[in-house]
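Q: Structure incoming, see below.
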Amino acid sequence: MRRVSVFGATGSIGQNTLDLIRRAPSEYQVVALTGGRNIAKLAADARALKAELAVTAHDDLLDDLRKALAGSGVAVAAGQAAITEAAARPADWTMSAIIGAAGLAPGMEALKQGGTLALANKESLVTAGPLLMAAAAAHDARILPVDSEHSAIFQALVGEDLAAVERIIITASGGAFRDWPLEKLARATLAEASCHPNWDMGQRITIDSASMFNKALEVIETREFFGVAPDRIEVILHPESLVHALVGFRDGALMAHVGASDMRHAIGYALHWPERRDLPVARLDLAAIGTLNFRAPDPDRYPALRLARDVMRRGGLSGAVFNAAKERALDAFIAGEIGFQDMSAVVEDVLTAMSSDSGLIDGEITLDTVAHVDHLARIRADEAMQVRAV
Ligand code: NDP
Ligand code: MG
């Protein structure tokens with residue numbers, strides 16, 4: 001039996017992961033499941049899957065979790081430190097699907113155990129890519145990408161020599177506002193930004209798709225995971241979301257990964273790697289689809305893509321600044337405190353203000369320095385937002 005843990009089990013990726021695990025219960029021993037506020041779901045899944053341990057991120061919810069799991073034999077714990085401790089329990093395969101910077105410390109801890117880390121939490125690579133990759137190498141652990149684009153690149157590279165890669169193209173649906181008149185964007189509401197044309201995902205990443213902050217994070221994720229130079233990474237708008245990424249080789253060949261917009265594909269690939277197993281995803285009928293469209297993203301509509309380039313040029317801890325400022329600006333947009341377009345303006349303000357501080361940005365990348373820079377960037381973002389508050 002493979003020992004598996006799922007961090008962020010109550011979220012969109014976590015639930016898709018449990019769906020696959022549930023289909024072959026005799027193959028898996030569930031070690032730890034973690035969640036946040038959704039205690040009912042966490043407890044129900046921990047009970048049904050006979051997990052060894054269930055952890056909520058919130059200390060104040062420990063009693064609720066304990067009550068919900070009374071008599072089940074599932075151990076319970078609460079708090080961010082308890083989540084990281086749960087990652088120290090030996091597991092062969094760990095899904096990293098907490099949203100945001102909070103996913104970094106548990107992912108690092110899991111890598112120290114030397115198993116496989118299936119990485120959905122792109123923020124880990126954006127904030128601390130070199131740290132994560134070094135931890136994997138030092139502990140003989142493996143990171144497998146779960147973001148659909150990165151799983152697609154990974155699959156297109158099987159059997160290929162990285163030195164023969166000329167470029168990597170990641171696709172973007174363009175999100176909820178890809179066809180809106182630009183002047184309407186400033187008035188975009190939370191409900192409008194929370195609808196994705198093709199993917200069913202958590203609310204935060206759905207809004208990040210509308211602003212393209214998600215794609216901006218993914219460009220940096222591509223750089224960190226595959227080690228390719230930033231000028232070899234391209235983004236193309238592809239409204240159908242069926243081609244997930246393409247790898248271009250020195251002979252001009254493009255290898256594309258094409259599949260349904262269903263995260264169980266990338267999760268299943270990481271779960272069964274290096275095998276391919278049957279997955280409950282739709283098979284594409286290309287004749288019925290007929291046409292696939294591609295177009296260049298409009299830089300005025302998606303300033304986040306330009307900011308990602310700035311981050312890659314600046315390097316060091318600027319990814320942690322970028323991500324934290326983005327997370328804070330997104331919180332504020334969700335709370336109705338700033339407008340949709342203010343998010344990129346706030347992030348740019350924070351990046352500009354903090355990038356010149358080389359004592360901070362060019363310091364060593366450790367969990368502590370990432371947490372410090374993250375904290376400062378959120379304070380800076382708050383200051384920048386006071387100026388813009390609606
Ligand atoms: P969701 O918001 O749906 O789920 C997030 C999970 O993290 C939930 O289990 C939530 O608990 C938990 N969580 C939230 N805050 C914290 C915290 N501070 N500490 C510990 N746990 C916390 O997110 P998604 O599943 O959409 O995304 C997860 C990750 O996967 C993200 O990094 C995202 O970028 C990436 N990803 C997601 C895709 C998708 O299709 N959804 C596609 C590609 C990548 P609770 O809900 O109980 O409060
Ligand atoms: Mg993606």
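Q: Filter segment 202-213 for residues that are more than 18 Å from Gly8 (Cα to Cα) and either within 12 Å of ligand 2 (Cβ to nearest atom) or out of contact with any Leu (no Cβ under 7 Å at 6 or more places or on another chain) (or both) and give the result.
A: Asp208, Ser209, Ala210, Ser211, Met212, Phe213
Q: Please go through segment 118-143 and give me each residue that is part of a strand (DSSP E or B), more than 13 Å from ligand 1 (Cβ to nearest atom) and farther than 24 Å from Ser318 by Cα, ordered by number.
A: Listed by number, the list holds a single entry, Arg142.
Q: Still on this structure, I have one more. It is to be established whether one or more residues within segment 82-93 are in a loop (DSSP other than H, G, I, E, B), within 13 Å of ligand 1 (Cβ to nearest atom), aliphatic (A, V, I, L, M) and over 19 Å from Pro274 (Cβ atoms).
A: Within segment 82-93, one or more residues are in a loop (DSSP other than H, G, I, E, B), within 13 Å of ligand 1 (Cβ to nearest atom), aliphatic (A, V, I, L, M) and over 19 Å from Pro274 (Cβ atoms).
Q: In addition: Taking segment 1-35 only, how many residues are hydrophobic (A, V, I, L, M, F, W, C), within 8 Å of ligand 1 (Cβ to nearest atom) and assigned to a loop (DSSP other than H, G, I, E, B)?
A: 1
Q: Pairs needed: first member in segment 16-31, within 15 Å of Ala91 (Cα to Cα); second member anywhere, more than 16 Å from ligand 1 (Cβ to nearest atom) and among the acidic types (Asp, Glu); C-beta distance under 7 Å; at least 6 residues apart or different chains.
A: Val31/Glu52
Q: Taking the criterion of being assigned to a strand (DSSP E or B) and within 10 Å of ligand 1 (Cβ to nearest atom), would at least one residue in segment 42-61 satisfy it?
A: Checked against the condition, which is being assigned to a strand (DSSP E or B) and within 10 Å of ligand 1 (Cβ to nearest atom), segment 42-61 yields at least one hit.
Q: Next question, about the same structure. Which numbered condition in (1) modelled with pLDDT of 95 or more; (2) surrounded by 15 or more Cβ atoms within 10 Å (Cβ to Cβ); (3) within 17 Å of the chain's Cα centre (by Cα) is the only one that Glu109 fails?
A: Of everything listed in (1) modelled with pLDDT of 95 or more; (2) surrounded by 15 or more Cβ atoms within 10 Å (Cβ to Cβ); (3) within 17 Å of the chain's Cα centre (by Cα), Glu109 misses just condition (3).
Q: Only one of these conditions is not met by Trp180: (1) more than 13 Å from ligand 1 (Cβ to nearest atom); (2) among the hydrophobic types (A, V, I, L, M, F, W, C); (3) outside any helix (DSSP H, G or I); (4) touching a residue at least 40 places away in the same chain (Cβ under 8 Å). Which number is it?
A: (4)
Q: Read through the list (1) within 14 Å of ligand 1 (Cβ to nearest atom); (2) over 16 Å from Arg309 (Cβ atoms); (3) not charged (D, E, K, R), then give the number of the only condition that Met212 fails.
A: Single failed check for Met212: (2).
Q: Now for a separate question. Can you tell me how many residues within segment 94-108 are aliphatic (A, V, I, L, M) and in a strand (DSSP E or B)?
A: Of the residues in segment 94-108, 1 are aliphatic (A, V, I, L, M) and in a strand (DSSP E or B).
Q: Yes or no: segment 286-297 includes at least one residue that is in contact with a helix residue (DSSP H, G or I) (Cβ under 8 Å, 6 or more places away or on another chain), at pLDDT 95 or above and not aromatic (Phe, Trp, Tyr).
A: Looking through segment 286-297, at least one residue is in contact with a helix residue (DSSP H, G or I) (Cβ under 8 Å, 6 or more places away or on another chain), at pLDDT 95 or above and not aromatic (Phe, Trp, Tyr).
Q: For segment 187-201, enumerate the residues that are closer than 18 Å to Ala97 by Cα and within 12 Å of ligand 2 (Cβ to nearest atom).
A: Trp199, Met201 - these are the residues of segment 187-201 that are closer than 18 Å to Ala97 by Cα and within 12 Å of ligand 2 (Cβ to nearest atom).
Q: Something else now. For residues in segment 204-234 being over 12 Å from the mean Cα position of the chain (by Cα), surrounded by 24 or more Cβ atoms within 10 Å (Cβ to Cβ) and hydrophobic (A, V, I, L, M, F, W, C), which is farthest from Phe340 (Cα to Cα)?
A: Met212
The values are calculated or read from the model by the stated rules, or taken from the named source; none is laboratory data. In this text, all values refer to a predicted model and were calculated from it rather than measured experimentally. FYI the Cβ positions are ideal-geometry reconstructions off the backbone, even for glycines, and counts take in every protein chain you see.
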